Every structure is written in C-alpha cells, then in structure tokens.
Amino acid sequence: MRNYDTVNPEVYERRFLDIPRERYLDHHWLPRFIRAIENYCDARKVLDLGCGTGRYTQIIEKFAKEVTGVDISERFLQYARETYGLPHLICGDAHHLSLDDTFDVVTTFGLFEYIDRDRVMREIDRVLIPGGYLIVATVNKYGFGRMLRRLRRSILQKKPQVMEPSKGEMLTHFKRHHFEIIEVQMTDGLIWLPDFLDRMMGEQIYMLIEKIFHFIGTNPLSNTMLFIAKKQNATN
C-alpha cells in the first residue's frame with residue numbers, strides 16, 4: 001500500500017484543478033456522490049473509511065447526524081482538520097478498525113483498490129447496523145485507461161501499484177458478505193489520451209464519450225464505479 005504520509009496533501013488535492021482528466025472525473029462524479037450522500041446519509045450516523053483529506057467527509061458532515069472519518073495517513077487527517085474543521089477523525093487501518101460503535105451508513109471513496117477487500121468488508125459488516133447502507137466508489141479494472149496502463153506495466157515488467165476490481169468482482173464481494181445491491185453507476189467517459197492531448201482537448205472528448213454512453217445507460221469502460229448496497233438483516 002502506498003505511504004500517503006510522504007504525499008503532500010495540498011499537491012494531492014490540486015490534481016482536481018491541474019490535471020484535465022482528474023478535473024473531468026471530479027466534474028462528472030462529484031454531483032453523483034453528493035446525490036448519494038444526500039439520499040442515504042441524511043440525519044444518520046456515518047463512517048467514512050479512507051477519508052483522506054476530508055474532501056468528501058466535509059460534504060457528508062453537512063447532511064449526517066454525525067460523521068467519523070478514518071484514514072491511515074495522519075498527515076492527510078491533519079490537513080482535513082485544518083482545512084474543514086472536522087472534529088471526528090481517527091488515524092487507523094480499515095482492515096482492523098478500533099471502533100466498537102455501530103453506524104447507519106459506511107462510505108468509502110477511492111479505497112477499495114488499495115485494500116484486502118474481504119477483510120475490510122468483514123469490518124464494515126461488523127460496524128454497520130442491519131439494514132444499514134454502504135456507498136462505495138472505486139476504479140474499474142476494465143476502464144479503458146486502466147487496461148492500457150496495466151498492459152504498459154506488464155510490458156515493462158512492473159508490479160501493479162493497486163489491485164483494481166471489476167464490476168463482477170465487486171458484486172461477488174457484496175453477495176459474499178450479505179449485501180443487497182441497490183444501485184450501480186458506471187457513467188464517465190474517460191479514456192486514455194497522451195498528456196498533450198489531455199491538456200488540449202481531453203475534457204471535450206471525455207464528455208462526448210459520456211454523452212454517447214448516456215443513451216445506453218452504462219459504460220463498461222467507465223473509469224469509476226459507484227455502488228450503493230444495503231446490509232441484509234441477520235435473519236436473512
């Protein structure tokens with residue numbers, strides 16, 4: 001797993017402004033994340049796993065009764081405290097949470113590609129109430145750019161930096177841990193472009209692809225996947 005204490009959180013956040021492909025993804029997904037947060041976190045007790053710089057935690061705080069953020073990087077958590085004034089932040093590992101509390105909702109944005117998913121799902125199941133909701137945003141193993149990146153690393157004989165899940169793998173994890181799928185979104189139009197093309201016309205190309213797949217309803221090559229699931233009751 002990458003050591004995020006060596007990463008400058010301000011530089012990490014600036015990628016949403018400085019890099020066209022990241023700016024496009026943020027523009028596309030942020031309203032969808034906010035809609036999910038508003039629909040499922042309103043007036044509820046929420047755990048945000050892998051909260052990082054607090055970018056999404058501070059949005060959750062506006063709707064939730066209470067939100068607790070957990071991240072493995074103390075440096076990122078300090079940024080979240082100073083930038084957003086978030087009071088309930090814990091430095092910890094999602095694989096073995098120190099929390100004994102129970103939560104109505106668990107959210108995680110950009111964590112599942114970095115962790116042992118079965119171990120973390122067991123922890124989520126432990127702290128989430130029966131009938132509670134799980135919101136997961138993660139990259140797509142079969143996103144167009146992701147496949148090209150893996151091919152390039154394979155040719156160069158480099159080890160993968162992350163373990164990207166596919167839609168099918170995610171659905172298997174949810175089923176194995178007794179979560180009912182409510183919604184799956186795969187809707188962005190990101191493809192791989194050389195950096196100079198990304199800067200020149202990337203966002204226009206991504207939006208055009210997004211519009212084409214809008215009529216189909218889903219894009220199997222979407223860079224990002226958003227899942228909303230419900231924990232089944234213990235009697236189920």
Inset, instruction - Give the stretch 76-96 a look and list any residue that's in contact with a Cys (Cβ under 7 Å, 6 or more places away or on another chain) and surrounded by fewer than 16 Cβ atoms within 10 Å (Cβ to Cβ), or say none. - result: none
Inset, instruction - Can you confirm whether the stretch 149-162 contains a residue that is under 21 Å from Asp48 (Cα atoms), modelled with pLDDT under 95 and under 15 Å from the mean Cα position of the chain (by Cα)? - result: yes
Inset, instruction - Six or more apart or on different chains, Cβ under 9 Å: which pairs go from a residue in the stretch 35-59 that's closer than 13 Å to Phe76 by Cα to one that's surrounded by fewer than 18 Cβ atoms within 10 Å (Cβ to Cβ) and aromatic (Phe, Trp, Tyr)? Could you list them? - result: Gly52/Tyr12; Thr53/Tyr12; Thr53/Tyr84; Gly54/Tyr84; Arg55/Phe16; Arg55/Tyr84; Thr57/Tyr84
Legend entry - Where Tyr142 falls short, out of the listed (1) surrounded by fewer than 21 Cβ atoms within 10 Å (Cβ to Cβ); (2) more than 14 Å from Gly69 (Cα to Cα); (3) modelled with pLDDT of 95 or more: (3)
Inset, instruction - Working carefully through the options Leu99, Leu111, find the one that is crowded, with 22+ Cβ neighbours inside 10 Å, on the phi < 0 side of the Ramachandran plot and outside any strand (DSSP E or B). - result: Leu111
Legend entry - Glu169 being in contact with a strand residue (DSSP E or B) (Cβ under 8 Å, 6 or more places away or on another chain) and surrounded by fewer than 16 Cβ atoms within 10 Å (Cβ to Cβ): no
Inset, instruction - Please list, ordered by first then second residue, the pairs with beta carbon atoms under 6 Å, 6 or more apart or interchain, first in the stretch 189-200 and of a type in the set (A, V, I, L, M, F, W, C), second in a loop (DSSP other than H, G, I, E, B) and surrounded by 13 or more Cβ atoms within 10 Å (Cβ to Cβ). - result: Leu190/Asn223
Inset, instruction - Kindly provide the set of residues from the stretch 163-187 that are under 19 Å from Trp29 (Cα atoms) and modelled with pLDDT under 95, ordered by number. - result: Glu164
Legend entry - Failed item, numbered, when Ile90 is tested on (1) outside any strand (DSSP E or B); (2) free of Cβ contacts under 8 Å to residues at least 60 places away in the same chain: (1)
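The values are calculated or read from the model by the stated rules, or taken from the named source; none is laboratory data. Just so we're clear, the structure is a prediction, and the values are computed from it rather than from any experiment. Glycine also receives a Cβ, built like all others from the backbone with ideal geometry; neighbour counts cover every protein chain displayed.
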